[in-house]
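Below you'll find the structure, written out as structure tokens, and then a few comments.
Bear in mind that the values in this text are calculations on the coordinates, not laboratory data. What you see is a predicted model, and the numbers here were worked out from it, not measured in a lab. Positions of Cβ are backbone-derived with ideal geometry, glycine not excepted, and every protein chain shown enters the neighbour counts.
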Amino acid sequence: MTEKNIVILISGRGSNMEAIVRAQIPHARIAAVISNRADAKGLTFARQHGIATAVVEHRHYPSREAFDAALAAAIDTYAPDLVVLAGFMRVLTPGFVARYEGRLMNIHPSLLPAFPGLHTHERALAAGCRIHGATVHFVTADLDNGPIIIQAAVPVWPEDTAETLAARVLREEHRIYPQAVRWFVEERLELLPDGRVRVREADWPEQALLVPGVEAR
Ligand code: GRF
């Protein structure tokens, strides 16, 4: 297996980035962590772990196109096989998304296609959902949409607040994001003509994490 270069984009805390780094995925080289904010907490962890970091501040650019061009230039310095969006809070232009087609992943804190966009935990509570979760998907020009790679479900309890629910979902995010990256590195992800993703030789319990009480097949 050839080694894969991975660039991770963050905007803040970076706990998903941290989970991917800590997973020490064989044949995966975290080439750089790039942030659109100089004060992103996750940059400290990356530096402490000897990972190259860069900052491309969106507010220094007059348009989304100009920012995305500068961001792509910074990313391409590291010749990435995979670009991982990990709490990266900028909407990307279609040109940027097309440039990294099939090698750009995102994590979203809901069971897509439910609740694209912001405030997913509040919205899941307001809708009375009994089940909520997180999704890792390939990025397409459509916001928080695109071929689903892996999902994790969690129960919603009556006493939940957005914070307790977010924490339960985040624990699962830290489990499924490294798994998705591992599959990519192992070249097991196949984009089917109908737009779905097949995971070669995956065990289903591993792929679609189970809600309590549901038996594995
Ligand atoms: C995560 O919940 C992620 O799904 C969402 O933003 C949060 C980022 O957290 N897009 P972190 O920066 O990875 O800690």
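Calculated FRET efficiency, Ala23 and Leu192, Cβ-Cβ r, R0 30 Å, to nearest 0.05? My answer for the efficiency is 0.70. How would region 89-193 be classified by its alpha-carbon gyration tensor: rounded, prolate or oblate, with rounded meaning a/c under 1.5 and the a/b versus b/c comparison settling the rest? Here region 89-193 falls in the prolate category.
Among Glu159, Glu190, Glu122, the residue with the largest mean-square fluctuation in a Gaussian network model of the chain, with springs joining Cα atoms closer than 10 Å, is Glu159. Net charge in the neighbourhood of Ala40 (other residues with Cβ under 13 Å of its Cβ; Lys, Arg +1, Asp, Glu -1) is +2. Near Ala52, the amide H atoms lying under 5 Å from its own belong to Val33; only residues 5 or more places off or on other chains count, and H is placed 1.01 Å from N. Considering only DSSP beta bridges where both residues belong to the chain, give the percentage that are antiparallel (nearest 5). Taking every DSSP beta bridge within the chain, about 40 percent pair in antiparallel fashion.
Compared with the dominant principal axis of the Cα atoms in the chain, helix 64-76 is inclined by about 80°. Computed with the Debye formula from one identical point scatterer per Cα of region 1-42, without solvent, the log10 of I(q)/I(0) at q = 0.19 Å⁻¹ comes to -0.55. Overall, region 55-97 carries a charge dipole of about 180 debye about its Cα centre when +1 sits on the Cβ of Lys and Arg and -1 on the Cβ of Asp and Glu, all other atoms neutral. Seen from Thr161, the other residues with C-beta closer than 12 Å to its C-beta sum to a net charge of -3, counting Lys and Arg as +1 and Asp and Glu as -1. Neighbours of Tyr78 by Cβ distance under 15 Å: Lys/Arg scored +1, Asp/Glu scored -1, total +1.
Cβ-Cβ distance of Thr161 and Arg200, R₀ of 45 Å, FRET efficiency by 1/(1 + (r/R0)^6): the value works out to about 0.70. If contacts are Cα pairs under 8 angstrom and at least 6 residues apart, what is the relative contact order of the chain in percent? Computed over the chain, the figure is 18 percent. For the chain, the square roots of the Cα gyration tensor eigenvalues, ordered a ≥ b ≥ c, give a/c of at least 1.5 with a/b greater than b/c, which places it in the prolate category. Each of Met1, Met17 was scored by other Cβ atoms within 10 Å of its Cβ. Listed from fewest to most, they are Met1, Met17. Using a ≥ b ≥ c from the Cα gyration tensor of region 1-120 (square roots of the eigenvalues), is it rounded, prolate or oblate, where a/c under 1.5 gives rounded and otherwise the larger of a/b and b/c decides, a/b for prolate? It comes out rounded by the Cα gyration axes. Placing a pseudo-label 7 Å from each Cα along the Cα-to-Cβ vector at Thr77 and His58 gives an inter-label distance of 2.0 nm. Relative to the longest principal axis of the Cα atoms of the chain, the long axis of helix 162-185 lies at roughly 60 degrees.
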